[in-house]
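Worksheet: the structure to be examined is printed underneath.
All of the numbers you see were taken from the coordinates with simple rules; none came from a lab. A quick note: this is a predicted structure, and the numbers were derived from the prediction, not measured. Ideal geometry is used to build each Cβ from the backbone, glycine not excepted, and the neighbour counts take in all protein chains shown.
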Amino acid sequence: MKFSSVIFWDVDYDQIDFQKNSRFVIGRVVRYGTAADWINLKSLYGLELIKSDMLNERDLDARSLSFLSCVLDTPQNQFRCYSTRQLHPVHSGF
């Protein structure tokens with residue numbers, strides 16, 4: 001199974017252990033992948049593993065969080081990154 005190479009720009013794709021590093025792979029595909037990458041991800045891991053790994057992810061951007069919330073039918077406030085973001089708000093500058 002192949003994913004878009006741009007998702008893993010900083011690592012050697014051929015050296016990725018997809019079973020041991022599922023959280024890393026899932027996080028990258030959710031953040032940077034295409035629709036085809038998402039389909040491949042679901043085939044490789046299944047929605048249950050994707051959900052369990054992403055519920056514990058500390059850092060998801062708003063778009064990825066919203067997408068996962070919809071696809072996994074899980075409220076955003078149940079994701080760890082939602083709580084982390086509330087504890088460490090980012091101040092916007094003008």
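Worth a mention:
- When the stretch 38-67 is filtered for residues that are of a type in the set (S, T, N, Q) and in a helix (DSSP H, G or I), the ones remaining, listed by number, are 40, 43, 52, 64, 66.
- Of the residues making up the stretch 1-17, those that are surrounded by 11 or more Cβ atoms within 10 Å (Cβ to Cβ) and not in a helix (DSSP H, G or I) number 4.
- Count of the stretch 18-37 residues which are of a type in the set (A, V, I, L, M, F, W, C), assigned to a helix (DSSP H, G or I) and either touching a strand residue (DSSP E or B) at 6+ places or on another chain (Cβ under 8 Å) or over 13 Å from residue 60 (Cβ atoms) (or both): 4
- Qualifying residues in the stretch 18-55 (those that are farther than 21 Å from residue 69 by Cβ and of a type in the set (Gly, Ala, Ser)) - the one surrounded by the most Cβ atoms within 10 Å (Cβ to Cβ): 36
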